[in-house]
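The block underneath contains the structure these notes are about, expressed in structure tokens.
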Amino acid sequence: MKRSAVSFTAFALLLGACGNNTENESELEQDPSSIEENEENEVIAPTDENDAEELPDENSNTAENDNSLTERESNYTNLSSEDWQTEVLAENLHVPWDINFFEDTIFLTEREGTITAVEDGSSDRQEINTSDPIIHEGEGGLLGMAVSEDFGDTGEIFLYYTYEGSSGLENRVVKAVQEDGSWEETEILLDEIPGDGIHNGGRIVIGPDGYLYVTTGDANEPALSQDPDNLAGSILRLTVEGEVPGDNPFEDSFVFSYGHRNPQGLAWNSNEELYSSEHGPTGHDEINVIEAGNNYGWPEIIGDEEMGEMEQPLVHSGENTWAPSGTAFLEDQLFVTGLRGQNLYVLSEENSELKEVFSGEGRLRDVKVHEGNLYVITNNTDGRGNPDGNDDRLLRLTIKGREE
């Protein structure tokens with residue numbers, strides 16, 4: 001078994017809680033046998049009205065419209081659902097989890113163990129041959145994916161999936177290559193990551209330093225998150241060959257940060273500061289700025305609580321729930337998808353909160369930026385949503401009035 005960075009400086013943001021929808025991927029810690037019905041605390045509070053600032057009247061003069069559009073493009077917190085043009089690029093997806101791009105092709109992992117490639121309006125579901133069967137149980141399955149920087153030459157990707165290990169459900173990081181319309185696992189980079197029907201983490205991203213960053217959950221054993229010698233409840237950092245980088249914060253360890261409950265989003269801003277989204281217990285979801293070697297407190301502290309040198313979140317949801325998953329930066333503003341929250345949020349520095357900027361499509365699992373547009377996948381077929389006949393879907397969001 002292998003085990004986790006670069007130091008990042010946090011924004012000096014003091015962000016308050018954003019309220020609506022009492023939901024959490026971290027449910028009231030429940031029996032994993034019931035998890036198919038409840039990934040993020042199924043108690044839902046009434047939804048508040050979108051509190052984004054009201055946009056200027058479209059009938060105002062042209063100069064004012066031009067100025068407001070410029071402001072809206074640089075400050076997405078002013079937007080609401082009506083300001084986005086929504087295009088469906090793929091539908092009838094099977095519990096999609098991660099979005100990746102290579103040139104004009106979009107790759108989507110699906111939790112049952114397939115990858116759907118979307119290109120020129122058509123979708124192709126592709127099988128993956130793995131060393132152990134991918135186990136889609138509860139929140140487990142085929143989760144994160146990262147496309148190698150030399151994919152055009154090698155056809156190589158990195159995957160994070162759940163399998164049946166010697167101690168029960170476990171997770172691993174592997175390399176795979178594309179061959180004749182399917183995928184073949186070629187190497188296990190890291191395995192024996194504790195798994196469970198809930199709290200598997202699952203995001204895998206290539207950072208600006210060229211290393212792999214991987215989020216792991218506490219595997220429904222909160223105490224594991226406070227053990228820096230354990231791979232659970234952590235953000236891991238490893239080379240693309242599966243080695244421990246020499247500048248990781250703990251000697252001979254893949255652990256980059258620990259004290260996490262169920263982190264599912266990773267993204268860097270233009271200053272190469274790393275942000276992560278994390279599911280809390282019955283509310284208290286978090287956005288954290290991640291620095292090498294830091295302890296983010298779970299299960300010892302939540303919300304505004306303090307203890308020793310444990311890190312407090314940049315912003316948390318208080319008693320309400322976002323169930324945040326995928327994250328992405330667009331023009332240095334952090335977008336966050338919400339599952340129970342059923343919203344796309346933006347981190348507002350000015351207002352010290354997460355603001356709702358898009359909703360109406362149900363549960364949202366991941367968001368990515370490509371050529372200035374946002375790409376979002378729904379997650380209404382995961383056993384906790386209310387799917388329509390064409391769910392799940394891949395959406396492209398473009399601001400109305402923005403020129404191509």
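Below are the figures for this structure:
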quantity: Scope region 335-354; condition over 16 Å from I399 (Cα atoms) and either under 14 Å from the mean Cα position of the chain (by Cα) or in a loop (DSSP other than H, G, I, E, B) (or both); matching residues; calculated: V336, T337, G338, L339, R340, G341, Q342, N343, E349, E350, N351, S352
quantity: Criterion (buried (at least 18 other Cβ atoms within 10 Å of the Cβ) and modelled with pLDDT under 95) met by exactly one of S325, S352, S348; calculated: S348
quantity: Strands (runs of 3 or more DSSP E) wholly inside region 243-285 that include at least 1 residues being open to solvent by less than 40 Å² (accessible area, probe 1.4 Å) and β-branched (V, I, T); calculated: 255-258
quantity: Candidates E164, E184, E179, filtered to the one that is farther than 18 Å from D229 by Cα and at pLDDT below 95; calculated: E179
quantity: S317 vs. criteria of a type in the set (S, T, N, Q), out of contact with any strand residue (DSSP E or B) (no Cβ under 7 Å at 6 or more places or on another chain) and surrounded by 19 or more Cβ atoms within 10 Å (Cβ to Cβ); calculated: yes
quantity: Any hit, region 266-282, residues being β-branched (V, I, T), under 25 Å from Y345 (Cα atoms) and within 17 Å of the chain's Cα centre (by Cα); calculated: no
quantity: Search result, residues across region 115-136 that are in contact with a Leu (Cβ under 9 Å, 6 or more places away or on another chain) and open to solvent by less than 70 Å² (accessible area, probe 1.4 Å); calculated: I115, T116, A117, V118, S123, I128, T130, I134, I135, H136
quantity: Strands (runs of 3 or more DSSP E) contained in region 182-241 and holding at least 2 residues over 28 Å from G383 (Cα atoms) and touching a Gly at 6+ places or on another chain (Cβ under 8 Å); calculated: 182-194
quantity: Strands (runs of 3 or more DSSP E) fully within region 355-403 counting 2 or more residues that are open to solvent by less than 20 Å² (accessible area, probe 1.4 Å), of a type outside the set (D, E) and closer than 16 Å to P324 by Cβ; calculated: 364-370, 373-378
quantity: Candidate set: region 148-206, residues that are of a type in the set (S, T, Y) and over 17 Å from E110 (Cβ atoms); chosen: the one surrounded by the fewest Cβ atoms within 10 Å (Cβ to Cβ); calculated: S166
quantity: Lone qualifier among V118, V177, V147 - being within 22 Å of the chain's Cα centre (by Cα) and farther than 27 Å from G385 by Cα; calculated: V147
quantity: Any pair with Cβ under 9 angstrom, 6 or more apart, that starts in region 346-366 at a residue that is at negative phi and ends at one that is of a type in the set (V, I, T) and surrounded by fewer than 18 Cβ atoms within 10 Å (Cβ to Cβ); calculated: F358/T86; S359/T47; E361/T86
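The values are calculated or read from the model by the stated rules, or taken from the named source; none is laboratory data. Note that the structure is a prediction, hence the values are computed from the model and not measured. All Cβ positions, glycine included, derive from the backbone under ideal geometry; neighbour counts span all protein chains shown. Please note that ligands, DNA and RNA were not included when accessible areas were found on the heavy atoms of the full protein model with its side chains. Shrake-Rupley method; radii C 1.70, N 1.55, O 1.52, S 1.80 Å.
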